[in-house]
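Here is the structure we will look at.
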Amino acid sequence: MDVIKQMLTGKLVEGYMPMQMLFELGSFALLFIGAFYFLGKNGIKVNKLAQATGLFVFSILYFTYRIYPPIPFSVRAIYATMTLIGIFMWVSSTEESWKDFRKPIIAVADANTAITKMIRTVVVVLLPFLVGFMGYNSMKPNVDEPIELRTVHPAPPASTKVHGKTFVLQTASSPYRVDDAGKYSDTIQKTHIDGNPWDEKAPPYLQYVREGGQIFFQNCHFCHGDNLNGRGMFAFAFNPIPANFTDPGTIAQLQETFVFWRVSKGGIGLPREGFPWASVMPPWEQHLTVDEIWKVILFEYWHTGYYPRTWD
Ligand code: HEC
């Protein structure tokens, strides 16, 4: 029931997002097409090319701003291509609509009126410039430093040994992500996301968050920033730069035990794929206890509002 309530308020609910997205996009497309059909019936004809452009622009905006966590550009490009194919199938579905779609393009090419003549002249003059500009851009020598290909999230080992204790990454869990009775809880963060860790009567989970915050500001904020956005005062001296935890590409994509392994071993403990080993992330097992590491991670998730990935 909770899920349906969240959906009705327009929230994207984890686990249902692909279905929600398809449903929303489908409804919007139908609404769009329906509206133009209705307008057409009432004598206001909107040209098919304009309709198609509108639908395409809308879908781009939808993919960019509605979907969360944000989709990378390369994937958005694939979605846009698929949308374009769909739109083409729609406009070419009947002879009549295909003719309507081509009409403005052919009118510009024929240039029988003053306006179309003007548009054609502008296009004919601008096109070579555009091609020239693209050619220039691709030939221009590049003065940026070469890109270092590096796996940011290398495959983790099956288990990791910290302070003499072995943690199996698949089965271990944070001893501090617990409900008031001290039992591990996936939902405790959600319950206390707006809670006050400084409240003396705060539940155990929030007390651990507070302790984690203190560890963070004693050790991590120099690099990872006091907003956890990777812009600490030392951050810009390093390449790769410290991880930005508010970015959906870092801890939001990781299991809590993965983060535990990464924090314990630091840049030095990165496996082969993490090459070149230029990461200055310190191996925190040399400075913090196991408990402190779990707590600081708890704090990072609480503060950013992201949840650790689970083994789904
Ligand atoms: C000297 C600077 C520095 C300090 C201090 C530092 N880090 Fe980092 N950290 C980095 C850099 C640089 C990276 C990114 C490069 C990499 O992936 O190793 C990183 C990456 C990470 C990652 C990996 C994120 C990912 O997406 O894989 C985590 C988690 C992390 N740090 C947690 C911490 C915690 C917790 C502390 C404090 C206990 C801390 N860091 C202190 C520099 C630092």
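The values are calculated or read from the model by the stated rules, or taken from the named source; none is laboratory data. In this text the structure is predicted, and so the values were computed from the model without any measurement. Glycine gets a Cβ as well: all are built from the backbone with ideal geometry, and neighbour counts include every protein chain shown. Heavy atoms of the whole protein, side chains included, go into the accessibility calculation; ligands, DNA and RNA do not. Shrake-Rupley method; radii C 1.70, N 1.55, O 1.52, S 1.80 Å.
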* To do: Taking only segment 266-282 into account, find how many residues are open to solvent by less than 50 Å² (accessible area, probe 1.4 Å) and near the ligand (Cβ under 10 Å from one of its atoms).
  => 9
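Looking only at helices (runs of 4 or more DSSP H) that fall completely inside segment 46-136, which ones have 3 or more residues that are charged (D, E, K, R) and free of Cβ contacts under 8 Å to residues at least 12 places away in the same chain?
95-110
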* Residue satisfying condition, being open to solvent by 70 Å² or more (accessible area, probe 1.4 Å) and modelled with pLDDT under 90, within set ILE33, ILE44 -> ILE44
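Is at least one residue of segment 261-282 under 14 Å from TRP302 (Cβ atoms), in the same structural domain as VAL296 (by TED's automatic domain parsing) and of a type in the set (A, V, I, L, M, F, W, C)?
Checked against the condition, which is being under 14 Å from TRP302 (Cβ atoms), in the same structural domain as VAL296 (by TED's automatic domain parsing) and of a type in the set (A, V, I, L, M, F, W, C), segment 261-282 yields no hits at all.
Being outside the structural domain of GLU285 (by TED's automatic domain parsing) and farther than 24 Å from VAL57 by Cα: is that true of GLY135 here?
The answer is yes for GLY135.
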* To do: From the list PRO242, PRO248, pick out the single residue that is surrounded by 17 or more Cβ atoms within 10 Å (Cβ to Cβ), in contact (Cβ under 8 Å) with a residue 24 or more places away in the chain, over 16 Å from GLU292 (Cβ atoms) and within 16 Å of the ligand (Cβ to nearest atom).
  => PRO242
* Pairs with Cβ under 9 Å, 6+ apart, first in segment 181-203 and open to solvent by 80 Å² or more (accessible area, probe 1.4 Å), second among the hydroxyl-bearing types (Ser, Thr, Tyr) and outside any loop (DSSP other than H, G, I, E, B) -> THR191/TYR205
* **Candidates THR121, THR151, THR116 - the one that is outside the structural domain of LEU49 (by TED's automatic domain parsing), under 30 Å from ALA243 (Cβ atoms) and β-branched (Val, Ile, Thr)** => THR151
* Identify all residues within segment 6-30 that are open to solvent by less than 50 Å² (accessible area, probe 1.4 Å), at negative phi and assigned to a loop (DSSP other than H, G, I, E, B); write none if there are none. => LEU12, VAL13
